[in-house]
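A short write-up of the structure that comes next.
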Amino acid sequence: MMMKRILTVLLLTMQLAYGQEQKQKWGVTAITIPAKGVTLKEFYRAGGENRPATPTACKITYTNDTLYVQFSCTEHFLSFPAVSHQVDWYATLGQPTDQDAAFPDKVDLYITPEIGRPAYYHFAVTKDGQSFGRQYAKVITQAQGFTDEKATAKSGVIENFKADVQKAEKTWTVTMRIPWKTIGGKPAGTFGLIPIRTRWREAEVSSPVALDFTERAADDLYIHSRLGKRASVEQASATLDALPSGALRWNRPVSLIYPNRGIMEEIWKMQQQLDQPTGAKNIQQRIRLTQHWMDLLLLEGFNFGSTTGGLPEVNMFAFEIRRKVNKALLNNDIKTAGQLLDTYLRELNSLSRRWFADGSPGNILQDKWMAVDAVEDITVEDKRISIRCAASGHPVLFYLSLPETGGVRLLAGREGFFRPSGLLPLQAVPSAGGMQVRYAGGSIDISKTNATISLKDQAGVVKHVVSLKDIRFIFSGDAADASGSVLAANDGENGLPNRFVSGQAFIATDSRSALQPGEVIFGFGEKNDRFSQVDNVLTLWGADDWTGLTVGLKNESYKPVPVFHSSRGYMVFNNSSYRLRADIGKQQKARYRLTQHGPVFDYYFWTETPEEALRSYTSLTGKPLLPPKWAFGTWMGRTGRRWLNTPLKDPVAEQQRVTKRFAELDIPHTAIYAEGIGSNMPELHSFMAPRDIKVLSWHYSSIPEKQQRALFPGRKVDALPLLKANPRDLPSRDIGYVDFSHPDAMELSRRWWKLRLDLGVAGSMIDFGDRVPEDAVFYDGTKGDEMHNRYSYDYHRTYHNVFKERRGNDFILFGRAASPGTQQWAAQFGGDVRCNFDGLRGSLTGALNLCAGGFSNWGSDLGGFRGWSEPAVYMRWTQFSCFSPLMRCHGREPREPWEYGDAAVENYKKFVWVRQNLQEYIYNAAADAHHTGIPIMRAMAVAFPADKDLHANADQYMFGRDMLVAPVMREDTVRTIVFPAGKWTDMWTGKVMPARAELAVSLQSIPVFLREGAVVPVKLNSALRFGETMTNDKVGAMIITRPSVSDSVRLLNDKGEQAAVTLQVTKEGFRISLHNLPEVLYLVVYDAAGGTVEAVPEWDKETRHEEGRLIVRLPRGNSKQVFIKTNRDDR
């Protein structure tokens, strides 16, 4: 007790010295359990997610013989569909994510009889009444942030406990009865408990203890429990707090809170004092600030793993250092705790200084940044305007130009990767205090007095203002860039500067812009965590983010694309691949701040509509590729290990079995993703070819030294196109990446792919490409800090060219990583997302952000990647995939519908046939994207920028020119849909919708609507119904919705030839003209109730009204005209 009083007084003293925690809350640390029981009433989401947990309570009581633990779990959807996959619970104990997915509604209880000893008991009960128990002798933690509960020789199954499950209207209750003798007897002193609830459909793991995402069990965070007379529940009051024993404990806050400026300054001050050891006097301050520091990095997208493309060379996960420190603190060994913390802080300090452009947390060093303080001169130089400025005595030269591809370019220092084909002549005239430039997209006012560049649209409305005084630089001591190479003032193509010095060279840039109330900022590549980035800080640094997407915050990205839109009416492209930090109104609510490493300041601005801006942007960086038509069918697929790990133990036999089963069910597929050795087997190709099913393979960015030497016999290692990425021979750096800047990289790739291409492989996943270290050095001299985000461009381009040499345009590659421009070389897939509704919503969010950056051919893993998805999740994901650019099955568990129940089979079959119905429409949308740059999938803010009510809408989207899709992505079956202006018709029922609708959507349906004047080429059966078999019965049809204005739509017919549909509106109705569309034998006209048909020229027509549609049978021939006469009242 004396030690407890001493430590408590010490802790209070430290809290007074360093200040109390603000706006923080911590989990339960101790309870006293009377015979009548104690109840833990509040559960918190693991990982510190700032979302409320579904209400759960845990009551703990006891008798002399038995411990009773009762979980009361609120559940609004007890009838949520479920299916048993016969998974061995014990086999999943080392993989919490797999276990949560396989047992999606369960409660867990961890008990340790003696806190501090490596032994504990684990009890689990599912909602459907399954119960499990196991004893462990120790816990081993492994990489990737996962707890690996590897059993030792002393571990064993526990069977002598009981559990009952009872269900009420909106609750299910579990009562565990655990004999004291099961855990070694009734405790006389302190023992540990951790209750946990899993509700996987919403990626929800919660506990009264603040856990990391995958901690099972957190052996340093047990609730210190004692049997007593009076119930009590104690929660921590600080990050470092005293336990009942007097020992100190490092507690994780229950919610991640972004640190304020004051805390960042405290962290920076601590960084300057790390030469002073951590001891009793400062341990509280250092642990408090370390937790804030780690939270700051985590919230900004820093990856603490060593093999994920992040900065660490060894794992730096927060829970690992916390556990080590707490182990020492439990033994009252502050000296050892301090030494452990100091070792960690030294490495964290090094990483943080590299992560942030000015080295400080949040880039808070005002003195290090030199702001532009004056514009000295504005001069027209042929096709560009030079703006000479001074920044704290350093000369800075900006160039403003109008690229032929469109937009406005503002350049200083070294130019970025993309260069316009040429520049437009300038129509520049002097104005009061500056200069004005007019161009097709609007006008530009450059003010010398105010040091501003105002970008206006064609109507003269100011869309964006670049304040030169809000641009700051960190200058190098000599004229060297961040790579250490001397910059030279050379002229590049078209009179553009190539690499030049504007005064002194800079190594980092920082720019700030105004942010208006209600403004929406979106894009930045595939960001799954949110659509609008306002009130957020993000970092564009590609990562192997399978952990974050599977269980984490989803705030990292495989695809860092520095393109973003503002709902105020402008788009920005930052033409630099160095790491970018974007603070969108987080630290300053009325400003956003873009901070970037490297010697490049090269920005493009557009004030046209988002779609017009994307036309221009993709003219600069490359139009999305046009895959072959078969690629827009449905693909079956699994991971390689899941094709292999079956009762057959033969991937080809399993792939053949699955294909035959689909044929029996009359479910067509156009491709099979045969990851693993199957794609290398001739027998697979000979089986699939007569079925007209393309074989797709897997490969990634690594061809290690051993394989390269086999492909280039006699070559010395130094002469191989192998990236120099591991100078210190670290396991985390042993990536074996191909150096695609090497002149022999193309030949290496040809030789590697030869076997598969000879067999007939029609495409491949080209995985990874996101792990280039900052200090890697490429053959052409480029360093990893510049190439990390851009590596996928050369990677995808090289493999695209290898396939094109052999297969022409009859192939598809699909990559996980991406950078600006890769849209022209490969399609994209959404990566390793979680297999629940949270993963489904994140996939849509990521797709809308990515497509806002000029990407079009995208698809997700139907059902999610890791683990089993629940039947309702699988069915909703099937529907979403049907209305995604690519529809592909993939995952670590089978994704065939029969694994998810009869309703899932019916749903899958229906939407695969819907996909077949719409294949012509989707292919035409892809062709349009290929020619214009306007993606197939578009957020409401991209498609309807004038509608302010839709700017932040991220749960509905445009699919092609004419379809609005509003998928259901929650367990609830009711959703609200907000329609843009105009008339919208339900594609399934023909019903015209009101401006806002709340719909009850069955599990077998997805809301899809057609805009007025829609032109949708389809293939249907002779009954002209969606989602029904066309195996022996298929006709061409054109769906038309009544237009309000005349229009002409260009299409490709079945032969790939140019065709068109013209809609001409008159007072009496509207005329439909089809040109070069011989395959179209039916018109299906929506919103034409009571309409009559007049054919031009006249033929023996067949018409009928059916379910809100007017159906017209057309004669054969290339061109046809039909006039629909409508009632005036109907119009």
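The values are calculated or read from the model by the stated rules, or taken from the named source; none is laboratory data. This one's a predicted model, so the numbers in the text were calculated from it and none came from an experiment. No Cβ is skipped: glycine too gets one built from the backbone with ideal geometry, and neighbour counts run over all protein chains shown.
Summary table
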quantity: So Thr1029, is it modelled with pLDDT under 95 and either in contact with a helix residue (DSSP H, G or I) (Cβ under 9 Å, 6 or more places away or on another chain) or of a type in the set (Val, Ile, Thr) (or both); calculated: no
quantity: Residue within the stretch 156-163 that is modelled with pLDDT of 95 or more, buried (at least 16 other Cβ atoms within 10 Å of the Cβ) and either in a strand (DSSP E or B) or not assigned by TED's automatic domain parsing to the domain that holds His224 (or both) present; calculated: yes
quantity: Only listed residue being among the aromatic types (Phe, Trp, Tyr) and surrounded by 22 or more Cβ atoms within 10 Å (Cβ to Cβ), chosen from Trp250, Trp172, Trp180; calculated: Trp250
quantity: Criterion violated by Gln588 - all others in (1) surrounded by fewer than 24 Cβ atoms within 10 Å (Cβ to Cβ); (2) in contact with a His (Cβ under 9 Å, 6 or more places away or on another chain) satisfied; calculated: (2)
quantity: Evaluation of Gly442 against (1) out of contact with any His (no Cβ under 9 Å at 6 or more places or on another chain); (2) closer than 20 Å to Arg512 by Cα (one fails), failing number; calculated: (2)
quantity: Residue that is of a type in the set (D, E, K, R), touching a residue at least 24 places away in the same chain (Cβ under 8 Å) and in contact with a helix residue (DSSP H, G or I) (Cβ under 8 Å, 6 or more places away or on another chain), where the choices are Asp98, Asp128, Asp108; calculated: Asp98
quantity: Some residue of the stretch 923-931 being aliphatic (A, V, I, L, M) and free of Cβ contacts under 8 Å to residues at least 60 places away in the same chain; calculated: yes
quantity: Selected residue (criterion: surrounded by the most Cβ atoms within 10 Å (Cβ to Cβ)) from residues of the stretch 285-304 that are of a type in the set (S, T, N, Q) and farther than 17 Å from Leu549 by Cβ; calculated: Thr290
quantity: Tabulated pairs, the stretch 302-331, first outside the structural domain of Ser350 (by TED's automatic domain parsing) and touching a residue at least 40 places away in the same chain (Cβ under 8 Å), second of a type outside the set (S, T, N, Q) and buried (at least 19 other Cβ atoms within 10 Å of the Cβ), C-beta under 9 angstrom, 6+ apart or interchain; calculated: none
quantity: From Glu893, Glu920, residue being over 18 Å from Ala671 (Cβ atoms), touching a residue at least 40 places away in the same chain (Cβ under 8 Å) and not assigned by TED's automatic domain parsing to the domain that holds Glu1079; calculated: Glu893
quantity: Any hit, the stretch 86-102, residues being more than 36 Å from the chain's Cα centre (by Cα) and loosely packed, with under 15 Cβ neighbours inside 10 Å; calculated: no
quantity: Every residue from the stretch 986-1015 that is closer than 29 Å to Pro871 by Cα and among the β-branched types (Val, Ile, Thr); calculated: Thr989, Val1001, Ile1006, Val1008
quantity: Some residue of the stretch 423-440 being of a type in the set (Gly, Ala, Ser), under 19 Å from Val462 (Cβ atoms) and crowded, with 16+ Cβ neighbours inside 10 Å; calculated: yes
quantity: The stretch 385-425, subset without any contact (Cβ under 8 Å) to a residue 40 or more places away in the chain and assigned to a loop (DSSP other than H, G, I, E, B), residue farthest from the chain's Cα centre (by Cα); calculated: Gly393
quantity: Residue list for the stretch 113-122, filter: surrounded by fewer than 24 Cβ atoms within 10 Å (Cβ to Cβ) and in contact (Cβ under 8 Å) with a residue 12 or more places away in the chain; calculated: Pro113, Glu114, Ile115, Gly116, Pro118, Ala119, Tyr121, His122
quantity: Lys1034, sole failed condition from (1) in contact with a Pro (Cβ under 7 Å, 6 or more places away or on another chain); (2) in the same structural domain as Ser1073 (by TED's automatic domain parsing); calculated: (1)
quantity: Cross-chain or 6+ apart pairs with Cβ under 9 Å, the stretch 702-723 first and of a type in the set (Asp, Glu), then surrounded by 13 or more Cβ atoms within 10 Å (Cβ to Cβ); calculated: Glu705/Leu720; Glu705/Leu722; Glu705/Gly736
quantity: Top-ranked residue in the stretch 676-690 [being buried (at least 16 other Cβ atoms within 10 Å of the Cβ) and over 15 Å from Leu755 (Cα atoms); ranked as nearest to the chain's Cα centre (by Cα)]; calculated: Met688
quantity: Test result for Ala903, assigned by TED's automatic domain parsing to the domain that holds Thr634 and surrounded by 22 or more Cβ atoms within 10 Å (Cβ to Cβ); calculated: no
quantity: So Met969, is it in contact with a strand residue (DSSP E or B) (Cβ under 7 Å, 6 or more places away or on another chain), of a type outside the set (D, E, K, R), buried (at least 22 other Cβ atoms within 10 Å of the Cβ) and at pLDDT 95 or above; calculated: no
quantity: Residue within the stretch 607-615 that is within 30 Å of Pro773 (Cβ to Cβ) and either touching a residue at least 60 places away in the same chain (Cβ under 8 Å) or not assigned by TED's automatic domain parsing to the domain that holds Ser443 (or both) present; calculated: no
quantity: Flag for Gly598 being crowded, with 24+ Cβ neighbours inside 10 Å and either free of Cβ contacts under 8 Å to residues at least 24 places away in the same chain or closer than 28 Å to Leu540 by Cβ (or both); calculated: yes
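One line per residue, one yes/no per condition, for (1) in the same structural domain as Ser869 (by TED's automatic domain parsing); (2) farther than 20 Å from Trp877 by Cβ; (3) assigned to a loop (DSSP other than H, G, I, E, B); (4) of a type in the set (S, T, N, Q):
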{"residue": "His931", "(1), (2), (3), (4)": "yes, yes, no, no"}
{"residue": "Val942", "(1), (2), (3), (4)": "yes, yes, no, no"}
{"residue": "Pro945", "(1), (2), (3), (4)": "yes, yes, yes, no"}
{"residue": "Ala954", "(1), (2), (3), (4)": "yes, no, yes, no"}
{"residue": "Leu964", "(1), (2), (3), (4)": "yes, no, no, no"}
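Let's see how each residue does on (1) modelled with pLDDT of 95 or more; (2) within 20 Å of Leu918 (Cβ to Cβ); (3) under 46 Å from the mean Cα position of the chain (by Cα):
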| residue | (1), (2), (3) |
| --- | --- |
| Thr1041 | yes, yes, yes |
| Ser1048 | yes, no, yes |
| Leu1051 | yes, yes, yes |
| Ala1088 | no, no, yes |
| Gly1091 | no, no, no |
| Lys1101 | no, no, no |
| Gly1117 | no, no, no |
| Asp1129 | no, no, no |
